[in-house]
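Q: Mind having a look at this structure? Questions to follow.
The values are calculated or read from the model by the stated rules, or taken from the named source; none is laboratory data. Keep in mind that this is a model prediction, so the values were computed, not measured. Here the Cβ positions follow ideal geometry from the backbone for every residue, glycine too, while neighbour counts run over all protein chains shown.
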Amino acid sequence: MTLSITLSQAKIAFVGAGSMAEAIVRGLIQTEVANPQHIYMMNRANQDRLAFLRSEYGLHASCDPATKEAYLREADVVVLCMKPKDVESAFAELQPMLHEKQLLISVIAGLSIEKAERLLQVGLPIVRTMPNTSSTIGLGATGMSFSSKVNDTFKQLAIQMFEAVGTVTIIEEDKLEVLTGVSGSGPAYVYYFMEALIKAGIEGGLTEEDARQLTLQTVLGAAHMVKITKEDPAELRRKVTSPNGATQASIEALDRFKFTEAVAQAVFHSAARAKEMGEQIAVSTSSPVGKSV
Ligand SMILES: NC(=O)C1=CN([C@@H]2O[C@H](COP(=O)(O)OP(=O)(O)OC[C@H]3O[C@@H](n4cnc5c(N)ncnc54)[C@H](O)[C@@H]3O)[C@@H](O)[C@H]2O)C=CC1
Ligand SMILES: O=C(O)[C@@H]1CCC=N1
């Protein structure tokens, strides 16, 4: 890889063609920062999924071992997008095909840079990220940390890649788990809240269609208010909450049911589980990969 390579020139191989890989790829292609002909997606199986990805995005996709090997050897950037439980076997398979000139980007929850280095035993630079699924529409929020081997060119490439699909927050690696609790899992809390609001509206007598539309516009409007007015959410909440009015009654109900504590628990449980999943990834001592560890 030359020092001046741009994202549109780089050959990017995604190992694992699931939801997160597709979210990133879709964003990269829609924003036209990456060339679909330079994007290679690979999966363990599922020809239908790969055929869909080829026809939807005009990229290369395969689960054939020889083709996967060719993709990997040619790639400038390799993005690891498998579940934590599949990391050990995937890394054993990948290790002989990777080389030091490539940039490795991981989106795997909980997998530390140090463990990825021990598993791979190839001295390539590693960028550990925690994106979220809103990358699909260019509104992702990605946390990012770099191994000491990542030079400025690769840092810029990784930042550019994830900025194409949303915002990038560079952060110390030991904060990536709590970031997972806030923004990696975060979209799920918002969807869960929306589900609950729709359900309550229907229970109260609204049609499903009205409950959905009102909920969507309320969440969209509130998020835009925070962004556009730059006011603190607490201040914006205060403006909705007339003294002794309807909202005060609802906020008091949320407090009685420990809303703030529930959200904090959600964040900390996500962070703890991410850490645990990372710790559960074994570095086998019997495999060649683990021998010199
Ligand atoms: N879904 C999300 O919101 C987020 C997920 N992540 C991380 O992204 C990673 C992937 O998550 P999802 O996309 O949700 O999972 P997924 O289950 O949708 O996709 C994973 C894919 O990897 C494939 N795979 C497994 N081993 C492989 C191998 N050796 N070679 C090639 N392909 C292989 C599987 O067949 C599957 O298609 C996880 O590590 C997760 O922690 C990170 C941020 C957000
Ligand atoms: O649930 C998970 O494990 C991944 C990490 C953050 C979002 N999805």
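Q: Of the residues S183, S270, which single one is touching a Ser or Thr at 6+ places or on another chain (Cβ under 7 Å) and within 16 Å of ligand 2 (Cβ to nearest atom)?
A: Exactly one residue qualifies, and that residue is S270.
Q: Another question, then. Need the failing condition index for E231 against (1) more than 25 Å from the chain's Cα centre (by Cα); (2) assigned by TED's automatic domain parsing to the domain that holds R26, just the number.
A: Exception for E231: condition (2).
Q: Also, quick follow-up: What's the number of the condition M225 fails, among (1) in a helix (DSSP H, G or I); (2) away from ligand 1 (no atom under 16 Å from the Cβ); (3) within 30 Å of S89 (Cα to Cα)?
A: All conditions pass for M225, except number (3).
Q: From E93, E88, which residue is among the charged types (D, E, K, R), more than 16 Å from ligand 2 (Cβ to nearest atom) and touching a residue at least 12 places away in the same chain (Cβ under 8 Å)?
A: E88
Matching residues to (1) more than 21 Å from M82 (Cβ to Cβ); (2) among the hydrophobic types (A, V, I, L, M, F, W, C); (3) over 17 Å from the mean Cα position of the chain (by Cα); (4) not assigned by TED's automatic domain parsing to the domain that holds I137:
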residue	(1), (2), (3), (4)
I5	yes, yes, yes, yes
A17	no, yes, no, no
M20	no, yes, no, no
L28	no, yes, no, no
Q37	yes, no, yes, no
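Q: Of all residues being modelled with pLDDT of 95 or more and either assigned to a helix (DSSP H, G or I) or within 9 Å of ligand 1 (Cβ to nearest atom) (or both) in segment 118-132, which is farthest from I171 (Cα to Cα)? Just the residue, please.
A: My answer is N132.
Yes/no per residue for (1) part of a helix (DSSP H, G or I); (2) surrounded by fewer than 16 Cβ atoms within 10 Å (Cβ to Cβ); (3) within 15 Å of ligand 2 (Cβ to nearest atom):
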position	(1), (2), (3)
A141	no, no, yes
M144	no, no, yes
F154	yes, no, no
A158	yes, no, no
L179	yes, no, yes
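Q: For residues that are of a type outside the set (D, E, K, R) and away from ligand 2 (no atom under 16 Å from the Cβ), scanning just segment 168-177, find the one that is surrounded by the most Cβ atoms within 10 Å (Cβ to Cβ).
A: Here the answer is V168.
Q: Sticking with this structure for a sec: Please go through (1) at pLDDT below 95; (2) away from ligand 2 (no atom under 16 Å from the Cβ) for L216 and return the number of the only condition it doesn't satisfy.
A: Single failed check for L216: (1).
Q: Of all residues being farther than 23 Å from L119 by Cα and not in a helix (DSSP H, G or I) in segment 46-96, which is nearest to ligand 1 (Cβ to nearest atom)? Just the residue, please.
A: This residue is N46.
Q: While we're looking at this one, here's another question. Please enumerate the residues belonging to segment 188-204 that are in contact with a helix residue (DSSP H, G or I) (Cβ under 7 Å, 6 or more places away or on another chain) and more than 16 Å from ligand 2 (Cβ to nearest atom).
A: Within segment 188-204, M194, L197, I198, G201, I202 qualify.
Q: Which pairs have Cβ atoms under 9 Å, sit 6 or more apart or on different chains, and link a residue in segment 123-136 that is among the basic types (K, R) to one that is within 13 Å of ligand 2 (Cβ to nearest atom) and in a strand (DSSP E or B)?
A: That search, which allows pairs on different chains as well, returns R128/S106; R128/G143.
Q: Right, here's the next one. I'd like to know if segment 16-29 contains one or more residues that are surrounded by fewer than 18 Cβ atoms within 10 Å (Cβ to Cβ) and within 16 Å of ligand 1 (Cβ to nearest atom).
A: Yes, segment 16-29 contains at least one residue that is surrounded by fewer than 18 Cβ atoms within 10 Å (Cβ to Cβ) and within 16 Å of ligand 1 (Cβ to nearest atom).
Q: Under 8 Å between Cβ atoms, at least 6 apart or on separate chains: pull out the pairs that start in segment 193-208 with a residue that is in the same structural domain as T260 (by TED's automatic domain parsing) and end on any residue that is among the polar types (S, T, N, Q).
A: M194/T215; L197/T215; L197/T218; I198/T215; G201/T215
Q: Considering segment 184-207 alone, what residues qualify as being hydrophobic (A, V, I, L, M, F, W, C) and surrounded by 13 or more Cβ atoms within 10 Å (Cβ to Cβ)?
A: If the condition is that a residue be hydrophobic (A, V, I, L, M, F, W, C) and surrounded by 13 or more Cβ atoms within 10 Å (Cβ to Cβ), then A188, F193, M194, L197, I198, I202, L206 are the ones that fit.
Q: Would it be correct to say that C81 is touching a Phe, Trp or Tyr at 6+ places or on another chain (Cβ under 6 Å) and not polar (S, T, N, Q)?
A: The answer is yes for C81.
Q: Restricting to segment 165-177, name every residue that is within 19 Å of I24 (Cβ to Cβ) and either assigned to a helix (DSSP H, G or I) or within 16 Å of ligand 1 (Cβ to nearest atom) (or both).
A: If the condition is that a residue be within 19 Å of I24 (Cβ to Cβ) and either assigned to a helix (DSSP H, G or I) or within 16 Å of ligand 1 (Cβ to nearest atom) (or both), then V165, G166, T167, V168, T169, I171, L176 are the ones that fit.
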